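Input: a single structure, listed below in structure tokens.
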Amino acid sequence: MDQAQFWIAQGFTGIAIILGFVSFQLKTQRQLIVAQTATALMFCISYLLLDAPTGLALNLVAIFRNAVYYIRDKKGSKNMLFPIIFACIQGSMGILTWQGWYSALSAAGIVINTLCMSFKNPQNVRKSILFTSPMVLTYNACVQSYGGIIYEAVAIISAALGILRTRKQKAADR
């Protein structure tokens with residue numbers, strides 16, 4: 001990979017950082033899903049340019065998963081079948097695109113995130129980010145996705161801020 005391609009990949013993760021920060025500040029699950037889909041698309045392009053097949057495959061599945069969750073949520077379904085199916089697909093993709101131990105760590109983080117995205121409460125989704133983002137951050141470090149590292153750090157901070165903001169708002173409403 002040449003230097004230009006490497007830095008273009010980092011540029012796409014820069015866009016993902018902005019989208020990710022905004023996503024964790026949104027109030028509804030549907031808004032969060034739309035913003036996270038745009039974020040996953042930026043990462044797909046970046047991982048493609050970085051020749052990081054596990055990250056690319058997991059984010060492609062995440063885009064499709066988010067579309068299904070968006071439609072499912074619109075219809076009011078609470079069926080756990082889709083989260084389980086997508087978690088299995090993502091686990092399989094982690095195996096099929098194996099790059100090393102860090103592929104397993106990233107796949108595990110994304111599988112857990114997939115299951116947590118099915119929660120109706122955005123606060124629970126934010127809490128899951130505090131657990132899963134460090135796993136994906138490690139993958140990003142291994143594939144030299146510097147923007148990905150920053151994104152996961154920002155996701156952790158943003159999710160924590162969203163949790164605190166919501167708690168303070170609920171306390172003020174009482």
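Tabulated data
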read-out: Sparse-neighbourhood loop sites, trypsin sites (Lys or Arg not before Pro) in the range 3-110 - DSSP loop, at most 15 other Cβ within 10 angstrom; value: LYS27, LYS78
read-out: Kirkwood-type radius of the chain, with distances r between different C-alpha atoms, in Å; value: 16.1
read-out: Against the rule of thumb 2.2 N^0.38 Å, how large the Cα Rg of the range 117-156 comes out; value: 1.25
read-out: Theoretical gain in end-to-end length, ALA153 to THR138 [0.36 nm per residue, Cα-Cα removed]; value: 4.3 nm
read-out: Estimated distance in nm for a label pair at ALA160 and PHE64, the labels positioned 7 Å out from Cα along Cα-to-Cβ; value: 3.5
read-out: Reciprocal of mean inverse Cα separation for the range 74-174 (Kirkwood radius, Å); value: 14.8
read-out: Computed over the range 59-165: relative contact order in percent, which uses C-alpha pairs under 8 Å that are six or more apart; value: 22
read-out: For the range 1-160, accessible area per residue (1.4 Å probe, heavy atoms of protein chains only), Å²; value: 46
read-out: Global size of the range 1-98 as Cα Rg and Dmax, reported in angstrom; value: 14.7, 47
read-out: 4 °C / 1.567 mPa s Stokes-Einstein diffusion coefficient of the range 54-117, Kirkwood radius on C-alpha pairs, µm²/s; value: 110
read-out: Mean separation of Cα contacts under 8 Å (6+ apart) over length of the range 1-115, as relative contact order %; value: 23
read-out: 10 Å Cβ shell holding at most 16 others, DSSP loop, chymotrypsin sites (Phe, Trp or Tyr not before Pro): longest site-free stretch of the chain; value: 1-97
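The values are calculated or read from the model by the stated rules, or taken from the named source; none is laboratory data. In this text, all values refer to a predicted model and were calculated from it rather than measured experimentally. Here Cβ is always computed from backbone atoms with ideal geometry, including for glycine, and neighbour counts include all displayed protein chains. Side chains included, ligands, DNA and RNA excluded: accessible areas come from the protein's heavy atoms. Shrake-Rupley method; radii C 1.70, N 1.55, O 1.52, S 1.80 Å.
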